[in-house]
Amino acid sequence: MDQYVIWVMENPLLSAAIQFAVLGTAGEIISLSLRKKSLALPGGPIQVLGKIIAWALLGIVIKYGFTGMKGFTRALLDNRLLPAFVDSGLGWAFAVSVMTNIFFGPQMMFFHRLEDNLIDRKWNMAGLTTAWWTLLWFWIPAHTVTFSLPAEYQIGLAAVWSLVLGLIMGYTKRESPGR
């Protein structure tokens with residue numbers, strides 16, 4: 001685990017890109033495979049490579065977003081715009097999670113949908129509203145756990161959460177036999 005922490009601390013953007021490229025893409029493949037009830041890839045080799053690159057770029061965007069939202073939350077606290085109990089511990093983790101998922105999450109999801117549209121060469125915003133609802137029921141609780149951890153583990157756990165959400169979405173959207 002020490003080597004992982006050293007790698008993340010010495011390579012914050014590269015490590016974010018790689019973790020999301022691997023785990024985000026895996027989550028997408030698992031979700032699609034669960035829905036189809038057999039191994040399925042999100043397109044041909046070029047589309048899969050595009051998805052890997054898109055997830056890597058998203059990892060970098062999320063690294064910047066996490067860092068910025070922590071600063072934003074700190075500024076709100078310093079200006080007494082948030083209650084004092086969110087200054088540390090679980091309160092801090094919850095506050096950063098709420099701020100991240102309300103002010104950063106929707107735009108990040110829209111950006112990710114644009115990436116998918118470019119890769120798939122189509123314009124499709126179907127399901128985006130449903131994705132935004134995950135910010136409330138999944139991402140706020142998940143990122144409260146994430147922001148409870150030391151910073152060097154946060155991006156890795158966020159990438160794991162992407163895989164977990166892929167599992168959840170795959171199970172809840174399974175296709176009926178014959179479809």
TODO: Given the conditions (1) within 19 Å of MET99 (Cα to Cα); (2) surrounded by 12 or more Cβ atoms within 10 Å (Cβ to Cβ); (3) free of Cβ contacts under 8 Å to residues at least 40 places away in the same chain, report the number of the one that ASN117 does not fulfil.
DONE: (1)
TODO: Among the residues of segment 31-83, count how many are modelled with pLDDT of 95 or more, on the phi > 0 side of the Ramachandran plot and basic (Lys, Arg).
DONE: 1
Open item on the list: For segment 80-101, give me the residue count where each residue is within 21 Å of LEU149 (Cβ to Cβ), exposed (fewer than 14 other Cβ atoms within 10 Å of the Cβ) and of a type outside the set (S, T, N, Q).
Closed with: 3
Task: Looking only at segment 120-154, and only at residues there that are among the charged types (D, E, K, R) and in a helix (DSSP H, G or I), the one that is surrounded by the fewest Cβ atoms within 10 Å (Cβ to Cβ) - done: ASP120
Open item on the list: Among the listed residues VAL96, VAL86, identify the single one that is of a type outside the set (Ser, Thr, Tyr), closer than 24 Å to TYR153 by Cα, in contact with a Lys or Arg (Cβ under 6 Å, 6 or more places away or on another chain) and assigned to a helix (DSSP H, G or I).
Closed with: VAL96
Task: Single condition SER33 does not satisfy, out of (1) among the polar types (S, T, N, Q); (2) part of a helix (DSSP H, G or I); (3) out of contact with any helix residue (DSSP H, G or I) (no Cβ under 8 Å at 6 or more places or on another chain) - done: (3)
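The values are calculated or read from the model by the stated rules, or taken from the named source; none is laboratory data. As the structure is a prediction and not an experimental result, all values here were calculated from the model. We place every Cβ from the backbone using ideal geometry, glycine too, and count neighbours over all the protein chains shown.
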